[in-house]
Amino acid sequence: LVVVALLTAATYAELITKYPHAGGAARYVDRAFGIPYLSFIVGFLMMASGITTAAALANAFAGDYLTAIIDVPAAPAAVVFIIVLTLINLRGVRESLTANLVASIIEVSGLVIVIFVAGIVLASGNGEPSRLLEFAPDVPPLQGAFAASIVAFFSFLGFEAAANMAEEVRKPSKSYPRALFGAISTAGLVYLLIALGAVIVVPPADLAESTGPLLDVVAASGVGIPPWLFSLIALIAIANGALLFMVMASRVGYGLAEAELLPRAFSRVLPGRRTPWVSIVVIAGLTIVLTLTGNVATLAETTVLLLLLVFLSANVSVLVLKKDKVDHDHFTAPRFIPVLAIIASIVLLT
């Protein structure tokens with residue numbers, strides 16, 4: 001799965017450093033094919049994926065992690081959560097990304113805690129390593145592996161979020177390739193250790209039914225970590241992801257309006273703050289609607305479906321744009337990489 005993600009990351013590294021503008025894959029498709037309707041469809045898929053991601057994370061925020069700290073109704077909690085993130089988004093990209101950086105550090109600390117407690121359980125002889133080789137009795141192993149890959153791919157969807165911040169980054173030609181490849185490699189290793197450790201401590205069936213699976217792992221380990229502390233870390237991690245994708249979706253709307261693929265109102269910005277307030281407010285409203293009507297699993301699977309279509313369009317576009325020359329240095333991926341990424345996307349879609 002990490003290899004598949006790295007293939008598409010190479011495509012995005014070339015496109016982002018070659019065309020450092022908001023709009024992501026929709027801009028690339030527009031430049032490659034010059035068909036406004038096609039560009040709009042890809043842009044719509046991108047915005048929809050950001051909205052479904054944020055909605056899925058809002059539902060996760062209002063689940064077991066929050067109730068471990070305070071017992072409040074899930075729906076109002078999710079709505080308030082989205083409103084707070086919207087206010088941060090309206091404040092400005094510097095504030096949004098500063099919050100993202102701080103939250104990322106806290107998030108990694110939470111994941112390290114899970115890996116640490118799983119290691120303690122394994123070393124004490126209380127874990128069940130044999131579960132690593134167990135498969136669901138009513139699902140063929142290959143089918144199960146592909147199904148798990150689709151859900152796990154939800155963790156590797158930052159390419160579009162990165163692409164839509166290109167106009168607000170210094171020296172993207174240097175920073176983007178290192179950021180993309182470094183983040184995917186690190187995340188892949190951490191998530192692998194998390195998956196192995198969680199299954200050793202808690203039966204997979206129990207994890208599948210939980211809305212706070214990592215909290216269950218910490219609680220089952222017997223290590224004296226207060227549930228409220230880990231829940232707080234998890235809530236910050238969830239908020240981090242939701243904020244990132246709400247920022248991305250709003251910048252997609254802004255980029256599409258700038259390319260005249262959405263009404264010009266989406267390009268209106270707040271005086272002084274320069275944040276696209278119309279796009280931000282519309283994205284927030286749609287996120288609230290989906291939060292109240294969907295669940296985490298369905299929204300996550302929908303996100304993956306939408307973004308696989310977006311990735312497919314980006315990988316085709318980069319092949320077409322190979323002949324397009326720009327007047328600055330940029331990352332270049334060998335042709336066989338986007339070809340393999342196209343094949344991988346089609347397999348995952350199937």
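The values are calculated or read from the model by the stated rules, or taken from the named source; none is laboratory data. Just so it is clear, the structure is predicted and the values come from calculations on it, not from any experiment. Note that we place each Cβ from the backbone using ideal geometry, even for glycine, and neighbour counts take in every protein chain shown. For the accessible areas, the whole protein counts, side chains as well, though only heavy atoms, and no ligand, DNA or RNA atoms are used. Shrake-Rupley method; radii C 1.70, N 1.55, O 1.52, S 1.80 Å.
Considering only alpha-carbon pairs that sit under 8 angstrom and 6 or more positions apart, the relative contact order computed for the chain is 41 percent.
Apolar share of the accessible surface for region 1-151: 72 percent from carbon plus sulfur atoms, 1.4 Å probe. For region 205-260, the Cα gyration tensor yields ellipsoid semi-axes of 37, 13, 5 Å (square root of five times each eigenvalue, largest first, whole Å).
Rounded to the nearest 10 degrees, the angle from helix 93-123 to the longest Cα principal axis of the chain is 30 degrees. Select from Leu292, Leu232, Leu270 the residue whose mean-square fluctuation is largest in a Gaussian network model of the chain (Cα-Cα springs shorter than 10 Å). With Cα springs under 10 Å in the chain, the top fluctuation among Leu292, Leu232, Leu270 is at Leu270.
Note on the chain: Cα Rg divided by 2.2 N^0.38 Å, N the number of residues, gives 1.00. With a ≥ b ≥ c the root eigenvalues of the C-alpha gyration tensor of region 208-350, is it rounded (a/c under 1.5), prolate (a/b larger than b/c) or oblate? Oblate.
If you count Lys pairs in the chain whose Cα atoms are under 19 Å apart, skipping same-chain pairs closer than 8 places in sequence, the total is 7. Comparing Tyr191, Tyr37, Tyr28, which has the greatest mean-square fluctuation in the GNM of the chain with Cα pairs linked when under 10 Å apart? The residue with the greatest mean-square fluctuation here is Tyr37.
Mind jotting down the distance between the C-alpha centroids of region 186-203 and region 16-37, whole Å? Region 16-37 and region 186-203 have Cα centres spaced 36 Å from each other. Fraction of C-alpha pairs exceeding 13 angstrom in region 3-57: 64 percent, rounded to a whole number. Normalised per residue, the accessible area of the chain is 47 Å², obtained with a 1.4 Å probe and no contribution from ligands, DNA or RNA. When you work out D = kT/(6 pi eta Rh) for region 1-140 at 25 °C and 0.890 mPa s, using the Kirkwood radius from C-alpha pairs as Rh and the Stokes-Einstein form, the result is 125 µm²/s. Counted residue by residue at 0.36 nm each, then reduced by the alpha carbon distance between them, the extension gain from Leu349 to Val223 reaches 41.3 nm.
Measuring from label point to label point, each 7 Å out along Cα→Cβ, what is the Thr67 to Tyr191 span in nm? Once both label points are built, they end up 2.7 nm from each other.
Classify region 96-135: rounded, prolate or oblate, from the alpha-carbon gyration tensor (a ≥ b ≥ c, eigenvalue square roots; a/c under 1.5 rounded; otherwise prolate if a/b is larger than b/c)? Oblate, since a/c reaches 1.5 and b/c is not below a/b.
Compared with the dominant Cα axis of the chain, that is its longest principal axis, helix 296-320 is turned about 40°. Explain nothing, just the number: relative contact order of region 209-350, from Cα pairs under 8 Å at least 6 residues apart, as a whole percent. Taking the mean separation of contacting Cα pairs over the length of region 209-350, I get 13 percent. In a reduced charge model with +1 at each Lys and Arg Cβ and -1 at each Asp and Glu Cβ, region 1-127 shows a dipole moment near 400 debye about its Cα centre.
The share of accessible area on region 257-350 that comes from carbon and sulfur is 65 percent, using a 1.4 angstrom probe. Taken over the C-alpha atoms, region 252-313 has Rg and Dmax values of 14.2, 39 angstrom. The mean sequence distance of close C-alpha pairs (under 8 Å, at least 6 residues apart), as a share of the length of region 1-142, puts its relative contact order at 9 percent. Derived value for region 269-350: Kirkwood hydrodynamic radius 16.1 Å. Basis is the mean of 1/r over every pair of different alpha-carbon atoms.
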